1. Suppose we keep only residues that are under 24 Å from residue 16 (Cβ atoms) and in a loop (DSSP other than H, G, I, E, B) within region 35-57. Which one would you say is modelled with the lowest pLDDT?
2. Would you check if residue 145 is in contact with a His (Cβ under 9 Å, 6 or more places away or on another chain), under 22 Å from residue 41 (Cα atoms), part of a strand (DSSP E or B) and among the β-branched types (Val, Ile, Thr)?
3. Going residue by residue through region 146-165, is there one that turns out to be touching a strand residue (DSSP E or B) at 6+ places or on another chain (Cβ under 6 Å), at negative phi, exposed (fewer than 15 other Cβ atoms within 10 Å of the Cβ) and touching a residue at least 24 places away in the same chain (Cβ under 8 Å)?
4. Which ones in region 5-31 are in contact (Cβ under 8 Å) with a residue 40 or more places away in the chain, farther than 14 Å from residue 125 by Cβ, in a loop (DSSP other than H, G, I, E, B) and not aliphatic (A, V, I, L, M)?
5. Within region 58-86, how many residues turn out to be more than 12 Å from the chain's Cα centre (by Cα) and in a strand (DSSP E or B)?
6. Consider region 103-126. How many of its residues are within 19 Å of residue 35 (Cβ to Cβ) and surrounded by 14 or more Cβ atoms within 10 Å (Cβ to Cβ)?
7. Scan region 49-68 and tell me whether some residue there is acidic (Asp, Glu), within 22 Å of residue 155 (Cβ to Cβ), surrounded by fewer than 19 Cβ atoms within 10 Å (Cβ to Cβ) and out of contact with any Lys or Arg (no Cβ under 7 Å at 6 or more places or on another chain).
8. Please go through region 90-122 and pick out each residue that is part of a loop (DSSP other than H, G, I, E, B), among the basic types (Lys, Arg), out of contact with any helix residue (DSSP H, G or I) (no Cβ under 9 Å at 6 or more places or on another chain) and modelled with pLDDT of 95 or more.
Amino acid sequence: MTFDEAVKAGRIPVEKALALFDSLPTVELGFLRGTWRGHELQTGHPMDGLLDATGWYGKQFVDAESVHPLLFHTEDRKAVFPVDPRKWPSPDLRGPVGPHRAAVETGQFKARLRMTEYRGRLSATMVYDDRPILDVFRKVDADTVLGAMDARGMAQPYFFVLRRDPEAR
């Protein structure tokens with residue numbers, strides 16, 4: 001299954017998602033600079049549907065030390081804001097995150113970028129500051145990456161797609 005076929009279908013078996021991820025080129029840190037729109041690639045992971053249902057927008061990479069790992073739409077969907085991963089997800093917050101902006105927004109960067117080895121190859125990886133989570137990236141094209149979230153205790157990675165937002169400079 002090609003990347004385009006997987007994205008169009010919106011769902012792919014985890015074994016095929018891993019094979020697709022492994023087939024893609026690695027990513028250098030500087031390539032990620034900018035703001036990216038995200039969406040899930042469902043593989044049967046327990047988190048499937050969580051981000052899309054909550055108004056997730058994507059991620060912002062200012063430089064290797066300055067990353068907003070979670071951007072969400074405001075309630076009116078006219079803007080986005082960074083969320084502190086320590087405050088979301090939370091059992092107290094259900095549905096879209098926008099209405100809870102005051103409780104979860106942060107002005108601080110909550111992740112950084114490093115080159116790490118994952119599945120035998122060195123690639124750009126977002127490291128959360130306060131969670132045992134790594135998001136590893138592989139390049140699809142000049143404006144698209146496939147991400148694999150790897151977290152302690154997670155039996156399989158959670159997959160998502162990021163597309164560069166040319167309007168968010």
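The values are calculated or read from the model by the stated rules, or taken from the named source; none is laboratory data. Computed from a prediction, not measured in an experiment: that's the story for all the values here. Ideal geometry is used to build each Cβ from the backbone, glycine not excepted, and the neighbour counts take in all protein chains shown.
1. 49
2. Criteria not met by residue 145.
3. No: zero hits.
4. Listed by number, the list holds a single entry, 25.
5. Of the residues in that region, 8 qualify.
6. Here the count works out to 11.
7. Yes, that holds for at least one residue.
8. Within region 90-122, 110 is the sole residue that qualifies.
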